[in-house]
Amino acid sequence: MNLYLRYFDKEILVNNVDDAIAFLASIDEIGMNPVLESDVRDYVESDVFYPKRYKIRPRVYFIIIKTEAATMLDFKEKRALHNAASGEREKMVSPSVARLTEELPGWYEGSIDFKRVQLVPGTGKFQYRDTHFVAQCKAVSGQDCYNRIVEHLRQRVDSRSQFPSAKGKNFKFRYLGQCK
């Protein structure tokens with residue numbers, strides 16, 4: 001793993017964190033200190049592949065990017081982009097999303113917070129109202145529970161109402177047990 005560092009027009013591609021810290025220490029405006037050095041080392045050792053931006057003063061930053069590129073030319077031409085292996089991609093799926101599609105037939109209790117369109121009696125105009133809805137239903141997964149609840153609500157509320165994603169924070173479910 002190599003590191004690309006840039007501060008305005010000064011840039012470098014290094015293959016270890018000590019060279020990166022030496023480069024940053026050579027730039028007076030950055031003001032290398034033990035706290036910044038520790039933070040850079042922590043970033044390099046972490047599994048995070050997002051670029052890291054460090055603030056020097058208002059609107060002035062330096063950036064560190066982890067890369068597989070062997071040379072500056074490879075980096076500039078984007079020849080060595082980091083691609084997560086298929087096994088890593090599976091690990092990146094959040095636990096709640098994995099639970100959502102896990103098949104376990106039985107009774108579920110699902111709660112959904114959605115924007116419901118309602119008529120305001122005094123004005124005759126419509127407005128969105130936050131609405132909380134809870135239901136128990138037979139389903140084979142959390143996703144199936146969500147689909148059944150939304151299907152039920154679409155038949156009973158104004159068609160302009162807005163429903164959240166099943167993967168978002170506005171839908172929660174829990175498994176109650178086997179069907180009888």
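Here residue 129 clears all of (1) assigned to a strand (DSSP E or B); (2) surrounded by 13 or more Cβ atoms within 10 Å (Cβ to Cβ) except the condition numbered (2). Among the residues making up segment 132-180, those that are open to solvent by 100 Å² or more (accessible area, probe 1.4 Å) and either on the phi > 0 side of the Ramachandran plot or polar (S, T, N, Q) (or both) are 136, 155, 159, 178. Here is the figure for segment 135-155: residues that are touching an Asp or Glu at 6+ places or on another chain (Cβ under 7 Å) and assigned to a strand (DSSP E or B) total 1. The C-beta contact set for segment 103-119 (first residue free of Cβ contacts under 8 Å to residues at least 12 places away in the same chain and open to solvent by 10 Å² or more (accessible area, probe 1.4 Å), second residue in a strand (DSSP E or B) and not polar (S, T, N, Q), distance under 7 angstrom, 6+ apart or interchain) comprises 119/126.
Residue-level analysis places residue 63 outside the set of residues that are in contact (Cβ under 8 Å) with a residue 12 or more places away in the chain and more than 26 Å from the chain's Cα centre (by Cα). Applying the condition of being closer than 21 Å to residue 101 by Cβ and of a type in the set (Ser, Thr, Tyr) to segment 128-180 and asking which residue is nearest to the chain's Cα centre (by Cα) yields 165. Candidates in segment 4-24 are the residues that are acidic (Asp, Glu) and not in a helix (DSSP H, G or I); of these, the one that is surrounded by the fewest Cβ atoms within 10 Å (Cβ to Cβ) is 9.
The values are calculated or read from the model by the stated rules, or taken from the named source; none is laboratory data. Computed from a predicted model, the values in this text were never measured in an experiment. Cβ sites come from the backbone with ideal geometry, for glycine too, and all protein chains shown count toward neighbours. SASA here: full protein model, heavy atoms, side chains in, ligands and nucleic acids out. Shrake-Rupley method; radii C 1.70, N 1.55, O 1.52, S 1.80 Å.
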